[in-house]
Amino acid sequence: MIVAADAAGIRRAAGLLRAGSVVAFPTETVYGLGADAFSAKAVAEVYRLKNRPSWNPLIVHVPHVVAARELAAGWPDVANELAAAFWPGPLTLVVRRAPHLTQVGADTGTIAVRVPAHEVALRLLEATGLPLAAPSANRSEGISPTTAEHVLRSLPDVPLVLDGGPASWGIESTVLDLTGEVPRLLRPGALGLREIREVTGAIALPGDVADGSARPSPGMSRRHYAPRAKVVLTDEVDPAALDPSVGVLTYETAGVPGAEMLSAEPREYAADLYAALHRLDDAGVATILVKTPPDTEEWMAVRDRLNRASA
């Protein structure tokens, strides 16, 4: 059920969450499927609804940095600097997990936490008084939802979806591991590395993690963010070789009839990427040809999502 994110809707959602149920809600990145991070039953329901493997952890959302520190066994100085610069916002920090928080997935001894920059999410967090474990509100490996309608198409059994309109960033948060000597990128996302380096200096890039092994961050699986249609990355799209079973996603005017045309600016492209994949899936195409984005740091998050969607 989709409800307006007004005062009545927030109260209703908060009541469900305090009672151990789950609620989908908007953030500035994508819609999340929220549960009380202290409730084993509620967190288990998130994993069940998403058909999410147990080794894939959840990001915990909190209303402010004080609440984040309460979930951590240690809070390094760089975490304070990053929080001051980018919270609320699309940056997730991985730190050592406090021993009293044990329900959020993979047994790595860490916790991924962030303060979302969406009025509805912050109002919901304040209304519940709970840290909310919230992965994207869709079936595991599927396209992340950027509207309330996307949520219900993927997860029709969710008890309640708060409708906060389309997500403004349209792509997940950047995840940074602060448990080592040098901050390490675990998942590229909405916040660019250039901005982060202005605070941290050097950043180590992510390594490969095998599916089935515990990891400190979501978004590290080989296949993820994928539509029902087969995704194929290509440097060139030949209009003469297309038929009605093939959809096209590009960022240039390639003269392809019916193509989904996104911006050539990486942030604007990212903001509409998942919505475009949803539109092509809804059109019933069997294959989606995607014009390969530039191999530059500004496009890293988009390339990461497309590479995993096409795996």
Report task. Among residues belonging to segment 259-311 that are touching a strand residue (DSSP E or B) at 6+ places or on another chain (Cβ under 7 Å) and small (Gly, Ala, Ser), point out the one that is farthest from residue 242 (Cα to Cα). Result -> 309
Report task. Please work out if residue 82 is under 20 Å from residue 177 (Cα atoms) and either assigned to a strand (DSSP E or B) or assigned by TED's automatic domain parsing to the domain that holds residue 182 (or both). Result -> yes
Report task. Check residue 82 against each of (1) under 29 Å from residue 7 (Cβ atoms); (2) touching a residue at least 12 places away in the same chain (Cβ under 8 Å); (3) hydrophobic (A, V, I, L, M, F, W, C) and name the one condition it does not meet. Result -> (1)
Requested in this report: Filter segment 248-294 for residues that are in contact (Cβ under 8 Å) with a residue 24 or more places away in the chain, touching a Ser or Thr at 6+ places or on another chain (Cβ under 7 Å), of a type outside the set (Ser, Thr, Tyr) and assigned to a loop (DSSP other than H, G, I, E, B) and give the result.
Outcome: 285, 286
Query raised in the report: Before we move on, is residue 99 surrounded by fewer than 21 Cβ atoms within 10 Å (Cβ to Cβ), out of contact with any Asp or Glu (no Cβ under 9 Å at 6 or more places or on another chain) and not in a helix (DSSP H, G or I)?
Result: yes
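The values are calculated or read from the model by the stated rules, or taken from the named source; none is laboratory data. In this text the structure is predicted, and so the values were computed from the model without any measurement. Every residue, glycine among them, receives a Cβ derived from its backbone with ideal geometry; neighbour counts consider all protein chains shown.
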